[in-house]
Amino acid sequence: MTTALTRRTVSSMLGLALAGAVAGSAHADKKYDTGASDTEIKIGNIVPYSGPASAYGSVGKAMTAVFKKVNDDGGINGRKINFISYDDAYSPPKTVEQARKLVESDEVLFLFGVLGTAPNTAIQKYLNSKKVPQLFVATGATKWNEPKTFPWTMGWLPSYQSEARIYAKYLTAQQPAGKIAVLYQNDDMGKDYLKGLKDGLGDASRLVLEESYEIAEPTVESHIVKMKSANPDIVVLFTTPKSGAQAIKKLGEMNWKPLTIISNVSASTAAVMRPAGVENSQGVISAAYAKDASDPQWTNDPGLGAFRELLAKYLPEINPVDSSALTGYNIATTMVEVLKRCGDELTRANVMKQAASLKQFAQGGLLPGITLTTGPDDFQPIEQLQLMQFKGERWQLFGDVMSGELK
């Protein structure tokens, strides 16, 4: 009996030791940096909910809604998302203040979806010095694709230069001799667009006027009047939504009808085209990579159906045709996929590694044929767009999906 008890005791002790080893091994498989734990993933975000670019506030609201739904569905690998989103009023000094708060006080794992070229520029060196990911920034500046110089910063949107080169291809084919006047925002965003257009045209002599404006200006109407005096055949608007709506409205009030192109970032039906007046918006050209929720062809589309359901439940005050809301939804959808791929290794380095390992990743909110691909030397997930023209009450796609790469 004593021998049996001894054997049983030894067996029990071995079992406990083995169980402890397995548990320890399981725990060892989990790797966390600041901002992550067994129960939570803390993410920081900065968006202009107020100020001159407040039309983009719906980007942050849609991101918040995506993460709320994820949490209601059980989280990611059992962890809830703690999404902390601050307002910077599109003011770079305020962005710096909020970024430091997120990193040093809130102790987030990474920053995600920060909006605006100037705001992201203001915090890029700080975040890279801290080795904190600055992921899927909501701006198409070309400089977010510099993995050797800034290995902790990654874009998401098609680059402004790529988009502008697509417009140049179109203009070269349609109006090879047309004179062009450009209105651009006097910051990195506007200058990036302008460079892309010039590179794409090859012949800058076609540009009869390069007119810049400051984002703080209450209106751009005087700039449009000045552009008319240059007598161009083509007007290109590299603006943010408020200024874009003002420009299109002024063109209509002047009964001036040049071929008009507006940047994708200002192509929102809800935030730009309707406020400008649909009668003034007829014939305006832009480019898209995402589906348009106002387009009847997507009425029964499963991808946009999920977007509409999300807004109906979590964000009923947002108009489903607001393209900025869809942008926020799309970027957050990519982020969710990356976090799923991270598994139990929620380190800053692994978050960047997974973000840089996307291969033709398709999302329901993107146009057919447009996918996300990244690599260690390619931090530009989307490189293609399709041209579209505003007709009636909505945008209508035309032509093929085009690459904006400079050959």
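If I ask for residues that are open to solvent by 20 Å² or more (accessible area, probe 1.4 Å) and over 15 Å from residue 138 (Cα atoms), which ones from the stretch 323-338 would you list?
The answer is 337, and nothing else.
Of the numbered conditions (1) under 18 Å from the mean Cα position of the chain (by Cα); (2) under 30 Å from residue 129 (Cβ atoms); (3) open to solvent by 10 Å² or more (accessible area, probe 1.4 Å); (4) without any contact (Cβ under 8 Å) to a residue 60 or more places away in the chain, residue 341 satisfies every one except a single condition; which is it?
Of everything listed in (1) under 18 Å from the mean Cα position of the chain (by Cα); (2) under 30 Å from residue 129 (Cβ atoms); (3) open to solvent by 10 Å² or more (accessible area, probe 1.4 Å); (4) without any contact (Cβ under 8 Å) to a residue 60 or more places away in the chain, residue 341 misses just condition (1).
What are the pairs with Cβ atoms under 7 angstrom where one residue, in the stretch 39-57, is at pLDDT below 95 and the other, located anywhere, is of a type in the set (Gly, Ala, Ser) and not in a loop (DSSP other than H, G, I, E, B)? Sequence gap at least six, or different chains.
Correct list of pairs: 55/271; 55/324; 56/324.
Mind listing whichever residues of the stretch 64-80 are buried (at least 16 other Cβ atoms within 10 Å of the Cβ), on the phi > 0 side of the Ramachandran plot and among the polar types (S, T, N, Q)?
Those that are buried (at least 16 other Cβ atoms within 10 Å of the Cβ), on the phi > 0 side of the Ramachandran plot and among the polar types (S, T, N, Q): none in the stretch 64-80.
So which of 396, 360, 384, 389 ends up being open to solvent by less than 50 Å² (accessible area, probe 1.4 Å) and in contact with a strand residue (DSSP E or B) (Cβ under 8 Å, 6 or more places away or on another chain)?
Matching residue, one of 396, 360, 384, 389: 389.
Pull out all pairs, ordered by first then second residue, where Cβ-Cβ is under 6 Å, the residues are six or more apart or on different chains, the first lies in the stretch 206-219 and is within 16 Å of residue 117 (Cα to Cα), and the second is modelled with pLDDT of 95 or more and among the aliphatic types (A, V, I, L, M).
213/220
Name the residue that is farthest from residue 391 (Cα to Cα), counting only residues in the stretch 266-278 that are at pLDDT 90 or above and in contact with a strand residue (DSSP E or B) (Cβ under 9 Å, 6 or more places away or on another chain).
Among them, the one singled out is 266.
Looking at 355, 349, which is the one that is touching a helix residue (DSSP H, G or I) at 6+ places or on another chain (Cβ under 7 Å) and at pLDDT 95 or above?
355
Looking at residue 279, is it open to solvent by 20 Å² or more (accessible area, probe 1.4 Å) and in a helix (DSSP H, G or I)? Break it down stepwise before answering.
Working: open to solvent by 20 Å² or more (accessible area, probe 1.4 Å): yes; in a helix (DSSP H, G or I): yes.
Criteria met by residue 279.
Taking residue 316 as the residue in question, decide whether it is of a type outside the set (D, E, K, R), surrounded by fewer than 23 Cβ atoms within 10 Å (Cβ to Cβ) and over 12 Å from residue 395 (Cα atoms).
yes
The values are calculated or read from the model by the stated rules, or taken from the named source; none is laboratory data. Note that the structure is predicted; figures quoted are calculated from it, not measured. Cβ sites come from the backbone with ideal geometry, for glycine too, and all protein chains shown count toward neighbours. Ligands, DNA and RNA are excluded from the accessible area calculation, which covers all protein heavy atoms including side chains. Shrake-Rupley method; radii C 1.70, N 1.55, O 1.52, S 1.80 Å.
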